[in-house]
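Working notes, structure below.
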Amino acid sequence: MKLAVIGTGKTGGKVVELLTGEQISDTFDVNNKPTVEKLKKADAAVIFVPGSAVDDVFDVVLESGIPAVWGSTGYEWPQDLDSTLKKAGVKWLKASNFSLGMNIIRRAIKVISEGSEMLDNPEYHIHEIHHVHKKDAPSGTAISWKQWLGKDADITSERKGDVKGIHELTVKTAAESIFLKHQAHDRAVFAQGAIWAAEQVVKDDIGPGFYDFSTIFDQAIDR
């Protein structure tokens with residue numbers, strides 16, 4: 001499988017590091033913008049551009065017709081994107097966090113959410129910490145945690161140093177507290193997950209449409 005990598009910053013650059021030369025069809029950044037012709041030489045695209053830059057590459061990736069794995073956060077995806085992709089026969093996948101371990105966390109949060117119904121007046125708090133260069137706050141992952149929890153949770157954010165990503169959920173009552181924490185030690189965890197996602201999305205048993213990483217993860221487990 002040959003991958004086109006769009007966005008070679010902190011995480012996209014790590015994707016390039018993990019791939020061999022034979023696995024890369026091309027790399028693209030602001031100085032080498034993707035074209036339909038170049039993208040069609042790849043089996044799939046892995047895209048790590050800021051949410052503010054998605055519109056700059058959206059149309060060319062769609063026109064290329066190749067499967068695409070998006071790691072862009074802070075972007076409002078069109079409501080009709082799934083139907084648009086199905087009509088075009090194109091497969092896209094998005095994630096706020098490509099850590100495979102984060103999907104284990106997702107399942108754990110569901111258990112905590114269901115179990116907390118038995119607690120006496122629980123309060124929920126999500127805190128996330130990232131590097132100082134991360135532009136969106138709260139992180140897409142923190143927002144996902146709140147969605148997975150399905151509760152009215154406060155989210156706080158912190159930006160310091162070169163933190164790869166720390167997320168912590170606290171469930172507190174007057175009598176006890178529950179903590180769930182995930183910490184990324186190396187951006188390789190996100191790059192590895194994105195490459196794995198690309199390997200999944202090119203498979204024939206996944207049809208056209210707009211997928212969330214969690215859906216593909218669950219399908220892989222259930223196979």
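The values are calculated or read from the model by the stated rules, or taken from the named source; none is laboratory data. Predicted model only: the values in this text are computed from it and were never measured. Because the Cβ atoms are built from the backbone with ideal geometry, glycine has one as well, and the counts that use them run over all protein chains shown. SASA here: full protein model, heavy atoms, side chains in, ligands and nucleic acids out. Shrake-Rupley method; radii C 1.70, N 1.55, O 1.52, S 1.80 Å.
A few remarks follow.
- Straight-line cross-link reach from LYS160 at under 13 Å between alpha-carbon atoms covers these aspartates and glutamates, not counting any fewer than eight positions away in the same chain: GLU128.
- Approximate spin-label separation THR173-ALA220, in nm, with each point projected 7 Å along Cα-to-Cβ: 3.7 nm
- For the chain, calculated [θ]222 nm from helices alone, where every DSSP H run of n ≥ 4 adds -39500 (n - 2.57): -11000 deg cm²/dmol
- Pairwise label distance in nanometres, LEU119 with ASP55, each label 7 Å out on the Cα-Cβ vector: 4.1 nm
- Think of a 1.4 Å ball rolled over the protein heavy atoms: the chain then has 51 Å² of accessible area per residue.
- DSSP beta bridges fully contained in the chain are about 40 percent antiparallel.
- Computed FRET value (nearest 0.05) for ALA88 with LYS2, which takes r as the C-beta separation and R₀ as 30 Å: 0.90
- Crossing angle, helix 100-115 versus the chain [Cα axis fit, 0-90 degrees, rounded to tens]: 30 degrees
- Principal-axis analysis of the Cα atoms of the chain puts helix 54-64 at an angle of about 50° to the longest axis.
- Taking GluC sites (Glu not before Pro) across the stretch 139-223, the ones in a DSSP loop with at most 16 further Cβ atoms lying within 10 angstrom of their Cβ are GLU176.
- Proximal lysines to LYS172, defined as alpha-carbon separation beneath 17 angstrom and excluding residues fewer than eight positions away on the same chain: LYS110, LYS146, LYS151, LYS181
- Here the stretch 1-18 is scanned for amide nitrogen atoms under 20 Å from the site 7 Å beyond the Cα of LYS33 along Cα-to-Cβ, giving 4-9.
- Within the accessible surface of the stretch 129-223, defined with a 1.4 Å probe on protein heavy atoms only, the carbon and sulfur portion equals 49 percent.
- Between the residues VAL201, ILE126, THR20, the greatest Cα displacement towards the positive end of the dipole of the chain, with unit charges on the Cβ of Lys, Arg, Asp and Glu, is found for THR20.
- Approximate spin-label separation ILE24-ASP162, in nm, with each point projected 7 Å along Cα-to-Cβ: 1.9 nm
- Out-of-range pairs (alpha-carbon distance over 21 Å; input LYS14/LYS134; LYS94/LYS135; LYS135/LYS164; LYS10/LYS38; LYS10/LYS40): LYS10/LYS38; LYS10/LYS40
- Dipole magnitude (debye, nearest 20) for the chain, charges at Cβ of Lys, Arg, Asp, Glu: 420 debye
- Estimated dipole of the stretch 1-104 in Debye, rounded to 20 [Cβ of Lys and Arg +1, of Asp and Glu -1, Cα centre]: 240 debye
- Taken about its Cα centre, the stretch 41-171 carries a charge dipole of roughly 460 debye when the Cβ of each Lys and Arg holds +1 and the Cβ of each Asp and Glu holds -1.
- Alpha-carbon centroid distance for the pair the stretch 129-159 / the stretch 1-43, whole angstrom: 28 Å
- Selection from ASN31, SER83, LEU169 lying farthest towards where the dipole of the chain points positive, charges on Cβ: ASN31
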